[in-house]
1. Show Met56, Met1, Met37 ordered by accessible area, largest first, where the area counts protein heavy atoms only and the probe is 1.4 Å.
2. State the extension gain, in nm to one decimal, for the chain segment bounded by Ala264 and Arg205, taking 0.36 nm per residue of separation less the distance between their alpha-carbons.
3. Beta carbons within 10 angstrom, averaged per residue: use that to sort the peptides 133-143, 262-272, 41-51, highest first.
4. Please state the charge dipole magnitude for the chain, taken about the Cα centre, from unit charges on C-beta atoms (+1 on K and R, -1 on D and E), reported in debye and rounded to the nearest 20.
5. Length gain on complete extension for the stretch Glu117 to Ala79, per 0.36 nm per residue less the alpha carbon to alpha carbon distance?
6. Sort the following peptides by mean Cβ neighbour count (other Cβ atoms within 10 Å, averaged over residues), highest first: 123-131, 6-14, 220-228.
7. Express in Å², to the nearest 10, the accessible area of Arg292 obtained by rolling a 1.4 Å probe over the protein heavy atoms while all chains stay in place.
8. If R₀ is 35 angstrom, what is the calculated FRET efficiency for the pair Met1 and Asp225, using the beta carbon separation as r and rounding to 0.05?
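The values are calculated or read from the model by the stated rules, or taken from the named source; none is laboratory data. Here the structure is a predicted model, which means the values were calculated and not measured. As a convention, Cβ positions derive from the backbone with ideal geometry for all residues, glycine included, and neighbour counts pool all protein chains shown. Please note that ligands, DNA and RNA were not included when accessible areas were found on the heavy atoms of the full protein model with its side chains. Shrake-Rupley method; radii C 1.70, N 1.55, O 1.52, S 1.80 Å.
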Amino acid sequence: MIEARHLRVLRAVSTTGSFSAAARELGCTQPAVSQQMKALEASAGTTLLIRTGREMRLTQAGEALVRHASGILAGLTAAEEEVAAIAGLRAGRVRLVSFPSGSSTLVPGALAALRAEHPGTRVSLVEAEPPRSVDLLREGDCDIALAFRYGATGGEWDDLVVRPLLTDRLIGLVPGGHRLAGAASVSIGELAEESWIAGCPRCRRQLVEVCEESGFTPRIDFATDDYPAVMGLVGAGLGVAVLPELAVESVRPKGARAVPVEPAIEREIVALTLPDLARVPAVAATLDQLARTAAR
């Protein structure tokens, strides 16, 4: 019989590449990881891992088992939570992953309201940008992922439950003394000769695509995932940027001026979960509260 604890260890070894690294991630010893992998191979009746130098490589059977492990573990977590909620053992727990500007704007209000309505529900929060946040959901390491995308990508989230929250418009940022600081709006083309400060990788890619559609390639002199850093660099006169409105709301831009960009550039903000997890009462309540908060 294949045990869930063995699948968790196999997935950790697959992700980290070694028994010792997997042990650190799981908070156990390297011999314990080795022992559990031997037990799993005995249950499976075949070799799952091969040592290649300092790393462990999955065999074809190991790859197949890891591929199924995420769904199995997520389904098991969902079952445990649903049964516990029905039995009244606890109101539930929810592991939430969010991108930074969502963490500072949507999440606080939603979790405060959730706690008021369901005081027994425990919610943990870690930050990750998509697509990493979505990977964490599929790997069974969170229950809800707050994510965003620029334009619908066919098939990107077809295996997930998608809860639309809001549409977030991009806002231009220029230094206070910039020639366009007082403009009612600005087109991307008007900033073609500027030095640019770019944000997260997905936002950076979107910026380049939008600028190229306007006939130029932006000269990106600075790139940072930290929104306050972007605003600080703009405020110091080192360049211009475009940021999501949620990000601008979350940090007061000292020395920078926000200017609407025309035509509007928007990203879709959603909450994602797995179909099995969507039936868990605590997860469903959290999704509802995120939607209510976004609608205000």
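1. Sorted by accessible area, descending: Met1, Met56, Met37.
2. The span from Ala264 to Arg205 would gain 19.6 nm if fully extended.
3. Peptide ranking by packing, descending: 133-143, 262-272, 41-51.
4. For the chain, the charge dipole is close to 840 debye.
5. Difference between extended and current length: 11.4 nm.
6. Put in order of decreasing packing, that is 6-14, 123-131, 220-228.
7. In the full protein context, Arg292 sits at about 110 Å².
8. Computed FRET efficiency for Met1 and Asp225 comes out at 0.20.
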